[in-house]
1. Going by what's in this entry, would Gly81 be described as touching a helix residue (DSSP H, G or I) at 6+ places or on another chain (Cβ under 9 Å), exposed (fewer than 15 other Cβ atoms within 10 Å of the Cβ), at negative phi and not acidic (Asp, Glu)?
2. Name the residues in the stretch 90-108 that are part of a helix (DSSP H, G or I) and either surrounded by fewer than 21 Cβ atoms within 10 Å (Cβ to Cβ) or in contact with a Pro (Cβ under 6 Å, 6 or more places away or on another chain) (or both), would you?
3. Scan the stretch 100-124 for residues that are modelled with pLDDT under 95 and of a type in the set (Asp, Glu) and jot them down.
4. Restricting to helices (runs of 4 or more DSSP H) lying wholly in the stretch 8-75: which have 1 or more residues that are of a type in the set (A, V, I, L, M, F, W, C), over 26 Å from Ala107 (Cα atoms) and modelled with pLDDT of 95 or more?
5. For the stretch 25-78, give me each residue that is crowded, with 16+ Cβ neighbours inside 10 Å and among the polar types (S, T, N, Q).
6. Name the one entry in Leu61, Leu19, Leu72 that is under 13 Å from the mean Cα position of the chain (by Cα), within 22 Å of Ala7 (Cβ to Cβ) and among the hydrophobic types (A, V, I, L, M, F, W, C).
Amino acid sequence: MLMTDPARISDLEAAVRRLPRGSAIVFRAFGSRDAVRQGRALAAIARRCGLVLLAGADPALALAIGARGVHLPERLAHRAGQLRRARPGWIVTAAAHDERAVRRALAAGADAVLLSPVFESRSPSAGRPLGPIRFAALVRRAKGPVYALGGINPETARRLAGSGAAGLAAVEALSGP
């Protein structure tokens, strides 16, 4: 998965083209006036490359750009079931920062949860990292898919793979081409 961030990804379209087939992109527009144009360009690349595009926190943007669903911030995770009922074909994911939020998001109907931060992260919203052992324990107790977010790179992904967190996938914020 790729979480978009205009401050950390200089060439978003190039970064998206490098993703392996089947990857997901969470397009976070952050109120950009150019969001629909940029989102439609990403949607076209996603279709050609076999990628899944989700709009961050904005169901109207998801509809406008032809995204396959939406990614909700933790504070809106309770809306997951409502969105899935309104748009049965959509994928709805949610952010979480602790085990309670993971449980709430999955119970509300999220298809998957992105849990952060797992490792030290430069993200302005990152708190104290969970670490691979706590993350693995949480994944084992979860009643649905939980993805790692925060400080994920090739080295930390290997640490997660060795932690016993079955079925997890890492989310990577790329810093450019």
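The values are calculated or read from the model by the stated rules, or taken from the named source; none is laboratory data. Model, not experiment: these values are computed from the prediction. Methodologically, a virtual Cβ is constructed for each residue, glycine included, from the backbone with ideal geometry; neighbour enumeration extends over all protein chains shown.
1. Answer is yes for this residue.
2. Glu99, Arg100, Ala101, Arg103, Arg104, Ala107, Ala108
3. Glu120
4. The qualifying helices (runs of 4 or more DSSP H) are 35-49, 59-65.
5. Across the stretch 25-78, the qualifying residue is only Gln38.
6. Values: Leu61 fails: under 13 Å from the mean Cα position of the chain (by Cα); Leu19 fails: under 13 Å from the mean Cα position of the chain (by Cα).
Sole residue among the options that is under 13 Å from the mean Cα position of the chain (by Cα), within 22 Å of Ala7 (Cβ to Cβ) and among the hydrophobic types (A, V, I, L, M, F, W, C): Leu72.
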